[in-house]
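Since the structure comes first, as structure tokens, the remarks are kept for the end.
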Amino acid sequence: MPPSAKVRFIPPQQNCIASEFKTPATGRLPPLPVTRMLTTYVRIHDGRGRPTQASSTGVTTSKLLGVTLFAVSFFLPALAANTSLPTDRGVQATGGPLSGFLCARVCLHLTLDSHAYLSVMFLAMMSGWINPLIVAYLACDFWPKIAVARPYIAVATLACVGATWVYLFNTAVMIGNVMWIASVFILLAPEINRWRFNMQRAT
């Protein structure tokens, strides 16, 4: 157990799992092996809902998987042929499938277009912000001083994902887009689990 880890004993009346082991006659918990009691009634955490060394291997594996899928998605077709895409001449239909890299470049370029902020193209612009936000989120692992911004980056990223879904509601997406969105959720999974942990602890 890491030195900084805390051991929190969960009272039986607050533990739905523990209630299954109560005897009908006394309503008390029967004696259990020490290992089973630790598994049932003890949670190990660092006091802030972050994973300890016991689960760090799983977190690292999921990050590697997420980064791999995230990078590969840029080289795969993301949107089907004849998809309306913002260009310098307005919204035009494309002739063939669009790669993830082209979609990311075009949507991010909309940030420089002042007219896009007042139209539906703002949703496409938010789609282009996802990639820089993910890079900033991953950078928090290397610079602890900016780690405090991690939850805010995650919220902004999820908001941009929602905007992407709205913009592509009637668009035929392809494997690149699906892999891209999946990688985003895989990378944000530790933060989402941390939110769930804090909500459960608050209740």
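Read the figures in this text as sums done on the coordinates, not as results from a lab. On a predicted model such as this, the values are computed, not experimentally measured, just so you know. Note that we place each Cβ from the backbone using ideal geometry, even for glycine, and neighbour counts take in every protein chain shown.
Assorted remarks:
- Distance between modelled label sites at Thr68 and Ala136, nm, 7 Å Cα→Cβ extension: 2.9
- Point-to-point label distance, Ala80-Ala159, nm (Cα→Cβ direction, 7 Å offset): 3.2
- With R₀ fixed at 41 Å, the C-beta to C-beta distance from Ala182 to Thr203 puts the FRET efficiency at about 0.85.
- Among Val184, Val72, the ranking by other beta carbons within 10 Å of each residue's beta carbon, starting with the fewest, stands as Val72, Val184.
- Ordered by the number of other Cβ atoms lying within 10 Å of each residue's own Cβ, fewest first, Ser62, Ser73, Ser183, Ser114 fall into the sequence Ser114, Ser62, Ser183, Ser73.
- Phi-based couplings in Hz for the range 174-184 (Karplus 6.51, -1.76, 1.60; Gly and Pro marked x): 10, 4, x, 5, 4, 5, 5, 5, 4, 5, 4
- Counting neighbouring beta carbons within 10 Å and listing from fewest to most, the residues Phe70, Phe122, Phe185 come out as Phe185, Phe122, Phe70.
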